[in-house]
Every structure is written in structure tokens, then in C-alpha cells.
Amino acid sequence: MDLKDQIDKKNLPQHIAVIMDGNGRWAQKKGNQRIFGHKNGVKAVRDTVEGAAELGINFLTLYAFSTENWNRPKQEVDALMSLLITSINSETDTLIKNNIRLLTIGNIDGLPKNVSAKLKVLINKTANNNGLSLILALNYSARWEIVNAVKSIVSEHKQNPVDVNNIDNKFFEKYLNTKDIPDPDLLVRTSGEYRISNFLIWQMAYSELYFTEVLWPDFRRNDLYEAIVDYQKRERRFGKISEQIKK
Ligand code: IPE
Ligand code: IPE
Ligand code: MG
């Protein structure tokens, strides 16, 4: 039976988050510059997005550029920014054809103007699509997001201070970039690195974690299916005991 047929359609993760890692190593293994890996990573993005949309996944978040990635050599950062522009241009039709809605998380206004402007156009163009929501994490870091949430709460309540008794998880989440997006059920990280790298720290409190050795440019929808099959074998207890879950 092929992998796709092993997936239980009634138990799909509603939201899958992916740390797309290993582009540089993929290129270097082939004797190429790191940017060659990033370019080939776009093919993996396309196949994964199409695969997720076709399966009926509701939310897919891709970590594309972290706040810390600004610290890479300028040449690589510049190449990544131009690649973003060319990818937005080349993938627009795929998004529209597949009824995909584009969203972003992260400090989008901190990206070069030509990148943020293009993103905003594509977000508007796809705003009424009701298939997969594709969320690109760009200039994103979870600690930035949390600190930013605190800043927003304080500035919004300057005139009428918030009653501390009203601050709970639900209240706080409204100030995160992921407001209205359910928490990821499944996190996938490629390239054999076992860390979170400042991604969705708040939201991943109860996510199932899946790590694969596959380097991102080699990742295809079949690898996504493999992660989902693995996810479906797990028992999510959320602090309870097994017997309570099975009832
Ligand atoms: C992930 O691949 C892409 C980005 C972080 C932009 P890397 O560029 O981190 O590749 P490795 O981890 O160095 O191989
Ligand atoms: C995480 O990958 C960020 C993205 C995939 C965009 P990194 O390659 O930047 O993470 P570290 O530095 O290995 O933790
Ligand atoms: Mg990396």
C-alpha cells in the first residue's frame, strides 16, 4: 500500500509547521554554493504545498527566514531576498490554481520594501481562497513575537489598564501573529537537526515533533505523508492518561 493510502483522512493534523532546514549542506555536498540549495528548496516548497493542499490540510506554516538569519553573510541574505521575489512571481499561479490563501507571520515591515510590497499584493490576491492556508514565517522569531505581543497589550491598555484577572491564554493569544490560526498539531524539521530555533515557541506547547534526516531540497510530498503516518500512530494525551483518551 502506498504511503498516501495509509493516511487516515479523518485524523489529519489540522496544522502542520515545517522548519525547512539543510539547503546549504545539500548544495555543499554537491560541490555548489549554498544559494544553489536555497534555489532547489523552492521545488520542495512547491511539492509540499501542493501535496498538503491536495490532502486537505487546513494550515501549513513554513519557516522561511528567521530573525537570526540576518546574521548570515550579506551575500547569502541578499540572494535569499531576491529568491523570495522570484518565488513570489513564479508561484502566484500555483497558489491561485490550488485555491490557496497566503498569510505571513513575522516582522514583514522589516523586510526590504520590494519584498514586503510583493507579499502584500499576493496576500490580497489570495485572501478569498478557502483551501489550504499557507503561512510563511518571514523575519520571524518566537521571542520577538511574544515580546511584541506584550508591547501591544501595554500600548493598547494605556488609558484603561487591563484587569489582571482577565489575562489568560486566550487573551494573550489574540496578540500573537498567529491569532485565528490553530496551534500546529505536527512540527516537521528536516536535515537531522533536533531543535526548535526560535520557532512558534508558544504555539508548539503540545505539538507532536517529527525529525527527518532528509535535507530540505530533497523533501517531497511523500516525505510529508511519512510524517503524517507517523503522527497518526501517536497518542496525544494533553496531560491525561491513556484510558481517558480512548473513551
Ligand atoms: C534552511 O537551510 C534555509 C534557511 C534557513 C533560510 P540552511 O540555509 O539553514 O541550510 P544548512 O542548515 O546550513 O544546511
Ligand atoms: C531555522 O534554520 C530557520 C529556518 C529554517 C528559516 P537555521 O538553519 O537558521 O537554524 P539553526 O541556526 O541551525 O538553529
Ligand atoms: Mg540550517
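The values are calculated or read from the model by the stated rules, or taken from the named source; none is laboratory data. Computed from a prediction, not measured in an experiment: that's the story for all the values here. Don't worry about glycine lacking a Cβ; one is built from the backbone with ideal geometry, like all the others, and counts go over all protein chains shown. Accessible surface is based on the protein model in full, side chains and every heavy atom, while ligands, DNA and RNA are left aside. Shrake-Rupley method; radii C 1.70, N 1.55, O 1.52, S 1.80 Å.
If you take the beta carbon distance between Q28 and N222 as r and set R0 to 25 Å, what does 1/(1 + (r/R0)^6) give as a FRET efficiency, to the nearest 0.05?
Working from the Cβ atoms, E equals 0.55.
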- Message: So for the range 1-96, averaging the separation of alpha carbon pairs under 8 Å that are six or more residues apart and normalising by length, what relative contact order in percent results?
- Response: 31
- Task: Please work out, to two decimal places, the log10 of the ratio I(q)/I(0) at q = 0.22, 0.27 Å⁻¹ from a Debye calculation in which every Cα of the range 1-74 carries one identical scatterer.
- Result: -1.03, -1.26
- Task: On a C-alpha basis, how far is the centre of the range 141-159 from the centre of the range 24-60 in Å? Whole number, if you could?
- Result: 33
- Task: Kindly state, to the nearest 0.05, the FRET efficiency for I196 paired with I96, given R0 = 41 Å and r defined as their beta-carbon distance.
- Result: 0.80
- Scale the Cα Rg of the range 89-145 by the rule-of-thumb value 2.2 N^0.38 Å and send over the ratio, two decimals. 1.15
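Determine the gain in length on full extension of the stretch R143-I123; use 0.36 nm per residue of separation and subtract their C-alpha separation, reporting nm with one decimal. Could the numbers behind the result be given before it?
On the way: separation 20, 0.36 × 20 = 7.20 nm, distance 2.45 nm.
Separation in residues times 0.36 nm, less the Cα-Cα distance, equals 4.7 nm.
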- Tell me, what is the FRET efficiency for F172 and Y206 to the nearest 0.05, using R0 = 25 angstrom and their Cβ-Cβ distance as r? 0.95
- Could you give the size of the charge dipole of the chain about its Cα centre, using +1 on the Cβ of each K and R and -1 on the Cβ of each D and E, expressed in debye and rounded to the nearest 20? 300
- Query: Roughly speaking, what is the stretch gain from K151 to N114, that is 0.36 nm per residue apart minus the C-alpha to C-alpha distance, in nm to one decimal?
  - Reply: 10.6 nm
- Go through 167-178, 224-235, 132-143 and give me the packing order, highest mean Cβ count within 10 Å leading. 132-143, 224-235, 167-178
- Hydrophobic long helices for the chain, i.e. whole DSSP H runs reaching 30 angstrom or more by Cα along the axis with Kyte-Doolittle mean at least -1.0, come out as 34-55, 74-97
- Rg and Dmax of the chain, Cα atoms only, in Å: 18.8, 62
- Note on the structure: Net charge near F172 (other residues with Cβ under 12 Å of its Cβ; Lys, Arg +1; Asp, Glu -1) is 0
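Go ahead and estimate [θ] at 222 nm for the chain from helices alone: -39,500 (n - 2.57) per DSSP H run with n ≥ 4, summed, over the residue count, rounded to 500.
Roughly -13500 deg cm²/dmol at 222 nm, from the helical runs in the chain.
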- Message: From the alpha carbon gyration tensor of the range 139-237, can you work out the equivalent ellipsoid semi-axes (sqrt of 5 times each eigenvalue) and give them in Å, largest to smallest?
- Response: 34, 15, 10
- Item | T212 accessible area, 1.4 Å probe, all protein chains in place, Å² to nearest 10 | 20
- Query: What is the spin-label model distance, in nm, from E235 to N130 if the labels are put 7 Å beyond Cα along the C-beta direction?
  - Reply: 3.8
